[in-house]
1. Do we have Asn333 as more than 25 Å from the chain's Cα centre (by Cα), modelled with pLDDT under 85, closer than 29 Å to Glu283 by Cα and of a type outside the set (A, V, I, L, M, F, W, C) here?
2. Where residues in region 249-272 are touching an Asp or Glu at 6+ places or on another chain (Cβ under 8 Å) and part of a loop (DSSP other than H, G, I, E, B), which of them is surrounded by the most Cβ atoms within 10 Å (Cβ to Cβ)?
3. Where in region 423-494 are there strands (runs of 3 or more DSSP E), lying fully within it, with 1 or more residues that are over 30 Å from Asn237 (Cα atoms)?
4. Taking the residues in region 510-555 that are of a type in the set (A, V, I, L, M) and touching a helix residue (DSSP H, G or I) at 6+ places or on another chain (Cβ under 8 Å) as candidates, determine which candidate is surrounded by the most Cβ atoms within 10 Å (Cβ to Cβ).
5. Hey, among Asp72, Asp172, Asp181, which residue is farther than 19 Å from Leu17 by Cβ, in contact with a helix residue (DSSP H, G or I) (Cβ under 8 Å, 6 or more places away or on another chain) and at pLDDT below 95?
6. Kindly evaluate Val312 against the criterion of being in contact (Cβ under 8 Å) with a residue 12 or more places away in the chain, under 22 Å from the mean Cα position of the chain (by Cα) and outside any helix (DSSP H, G or I).
7. Quick one: is Ile95 under 20 Å from the mean Cα position of the chain (by Cα), under 19 Å from Pro15 (Cα atoms), in a helix (DSSP H, G or I) and in the same structural domain as Asp212 (by TED's automatic domain parsing)?
8. Within region 524-545, is even one residue in contact with a strand residue (DSSP E or B) (Cβ under 9 Å, 6 or more places away or on another chain), without any contact (Cβ under 8 Å) to a residue 12 or more places away in the chain and either of a type in the set (Ser, Thr, Tyr) or under 28 Å from Glu279 (Cα atoms) (or both)?
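The values are calculated or read from the model by the stated rules, or taken from the named source; none is laboratory data. From a predicted model like this one, the values you see are computed outputs, not experimental measurements. So basically every Cβ, Gly included, is an ideal-geometry build from the backbone, and we count neighbours across all protein chains shown.
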Amino acid sequence: MDISALQNARYSYKPKLPASLSGSIDDITLEYGSPTEALSDRDELRNIFKTTYGKPLVAFSGKKTEKKASLDFRRQLNAAVILSGGQAPGGHNVIAGLYDGLKKGNEKSTLYGLKGGPSGLTENRTVILTDDIINEYRNTGGFDIIGSGRTKIETPAQFAASLETAKKLNLDAVVIIGGDDSNTNAALLAEYFLANGSSTRVIGCPKTIDGDLKNEYIETSFGFDTACKTYSELIGNICRDANSAKKYWHFIKLMGRAASHIALECAFQTQPNVCLISEEVEEKSMSLDKIVEQICSSVAKRAENGENFGVVLVPEGLVEFIPEIKHLINELNDTIAADSEKPIHEKFSSLTKFSDQLEWFSRTLSMVSYGILKLLPEDIAQQFLMDRDPHGNVQVSRIETEKLLVGMVQKKLAVMKESGQYRGKFDHQTHFFGYEGRCAFPSNFDSDYCYSLGYSAFVLIASGLTGYISSVKNLTANADKWIAGGVPLTMMMNLEQRHGSKKPVIRKALVDLNGKPFKTFEEKRALWAEKTCFLFPGSIQYFGPAEVCDMPTVTLRLEHQ
């Protein structure tokens with residue numbers, strides 16, 4: 001098989017491990033903390049997770065001790081691994097770390113890959129992972145080793161089918177690599193297995209490029225480092241081009257549906273003129289017009305300096321955080337979905353012209369929402385109306401927010417020009433960086449971090465634990481000083497309203513507006529808005545000084561100050 005030079009070189013990279021995991025597995029000890037509690041809704045969650053709630057935090061130590069618990073890391077184990085949800089760089093190394101741990105414990109241990117995501121468990125679609133297979137994917141991007149999927153294990157039939165697969169394969173454990181929803185699923189599956197007399201353990205691993213699966217014990221989700229560095233390279237290239245051509249404003253939408261961590265990190269790495277943070281927009285109830293004013297202010301100030309160019313970063317989910325747009329989306333969803341069985345819905349479905357659809361909404365929406373819909377550029381307004389999911393809801397991720405802002409900025413600048421407030425020239429380009437970052441070659445940081453997460457998952461399995469998420473902390477230090485262990489999944493949960501009832505979910509971590517990263521950004525952005533302060537991070541470096549190749553994200557470093 002033909003392979004690239006970089007791919008060939010990455011096969012031989014040896015990921016670094018925390019000191020507690022890098023020695024003999026016979027020396028590993030477990031240090032238990034006190035029983036834990038959930039973030040909120042504790043009584044309800046204690047009732048849902050009757051057998052797994054309240055477990056203690058666990059940390060690993062590699063020091064020999066006379067008080068070492070009698071753990072048999074050498075026994076033969078059968079484990080299975082699932083890749084769940086969207087791709088994130090480093091997933092293959094989680095599997096490699098898990099595989100190497102199992103084989104280091106006992107060569108006869110087996111690791112099954114469950115193909116196509118969680119449905120691989122419910123449908124018993126497996127492949128036995130071998131040295132040849134694992135070695136082909138070490139330190140590479142993507143989830144193609146076994147594929148991924150977005151199936152949720154939530155019905156009684158799905159839980160029963162999962163248990164049946166565990167019995168047929170004689171599984172000691174299932175490892176679920178995924179985001180907040182996938183790890184919520186892991187917690188529910190762990191509870192189900194125990195409640196039904198199964199000894200199959202369930203361990204989670206924190207994955208998502210969005211960076212919204214983190215807390216005091218999960219410092220970052222894997223893939224975030226690589227994705228941000230990949231996007232920042234592209235943004236830096238555009239910044240350099242903008243500063244060279246000096247004629248375009250570039251509006252760049254970035255991944256981040258629920259949280260703006262990617263946009264914030266990319267802002268630190270490239271220093272654009274404007275970076276919008278969805279959480280700030282919501283906190284300050286910033287209207288669409290206020291956001292447009294902020295951008296136009298930067299455009300006008302830079303025009304006074306003779307710089308009719310710039311870069312604006314836009315989080316993917318911004319529209320859902322703008323109060324009047326959020327209200328419009330809710331009204332559109334309610335109007336169509338709630339009337340899905342009424343004649344009025346049939347009439348809307350038959351309308352093909354935008355003008356007719358708009359007229360229909362003039363009778364069904366509130367005056368405020370209808371006014372906003374009319375105010376939007378027609379091509380964007382059509383996205384609110386036409387791109388709907390099977391439940392009749394707006395598909396927010398498909399709304400071209402960057403183009404919406406460009407259209408509104410053009411209108412505002414025209415008004416400002418008439419009144420003499422603006423004398424520049426505004427030409428623009430739009431971009432969306434999403435899939436470009438999900439399967440990149442993982443950075444050294446993500447290669448090491450993911451391998452450590454997988455190896456830690458093996459230790460949790462071999463220790464007989466279930467209902468935990470693999471954890472590696474102290475990530476701004478050298479890898480040998482990282483602290484590996486496990487965090488009970490139930491302590492990361494709360495109840496949220498989902499589909500008409502309260503469901504246990506792992507709470508998403510949004511950008512903390514009082515945290516050091518945002519406060520640092522807040523201090524710098526006024527200068528960036530007016531002056532050309534672009535940084536050009538370049539491509540991810542895999543070989544060279546550690547301060548270049550192994551450096552974690554700016555966000556993580558600021559959080560540890």
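1. Values: more than 25 Å from the chain's Cα centre (by Cα): yes; modelled with pLDDT under 85: yes; closer than 29 Å to Glu283 by Cα: yes; of a type outside the set (A, V, I, L, M, F, W, C): yes.
Yes; evaluated as a whole, the condition is true for this residue.
2. Among those that are touching an Asp or Glu at 6+ places or on another chain (Cβ under 8 Å) and part of a loop (DSSP other than H, G, I, E, B), it is Ser260.
3. 468-473, 483-488
4. Here is the first cut: in region 510-555, the residues of a type in the set (A, V, I, L, M) are 510-511, 513, 526-527, 529, 535, 540, 546, 548, 551, 554.
In the following step, the residues that additionally are touching a helix residue (DSSP H, G or I) at 6+ places or on another chain (Cβ under 8 Å) were identified as 510-511, 513, 529, 535, 540, 551, 554.
On the way: Leu510: 17, Val511: 23, Leu513: 15, Ala529: 20, Leu535: 16, Ile540: 21, Met551: 18, Val554: 19.
Step by step, filter region 510-555, then rank; the result is Val511.
5. On the way: Asp172 fails: at pLDDT below 95; Asp181 fails: in contact with a helix residue (DSSP H, G or I) (Cβ under 8 Å, 6 or more places away or on another chain).
After applying the criteria, what remains is Asp72.
6. Values: in contact (Cβ under 8 Å) with a residue 12 or more places away in the chain: yes; under 22 Å from the mean Cα position of the chain (by Cα): yes; outside any helix (DSSP H, G or I): yes.
Against the criterion (in contact (Cβ under 8 Å) with a residue 12 or more places away in the chain, under 22 Å from the mean Cα position of the chain (by Cα) and outside any helix (DSSP H, G or I)), Val312 qualifies.
7. Against the criterion (under 20 Å from the mean Cα position of the chain (by Cα), under 19 Å from Pro15 (Cα atoms), in a helix (DSSP H, G or I) and in the same structural domain as Asp212 (by TED's automatic domain parsing)), Ile95 qualifies.
8. Applying the first criterion (in contact with a strand residue (DSSP E or B) (Cβ under 9 Å, 6 or more places away or on another chain)) to region 524-545 yields 525, 528-529, 532, 534.
Subset that is without any contact (Cβ under 8 Å) to a residue 12 or more places away in the chain: none.
The answer is no, given that none of the residues of region 524-545 is in contact with a strand residue (DSSP E or B) (Cβ under 9 Å, 6 or more places away or on another chain), without any contact (Cβ under 8 Å) to a residue 12 or more places away in the chain and either of a type in the set (Ser, Thr, Tyr) or under 28 Å from Glu279 (Cα atoms) (or both).
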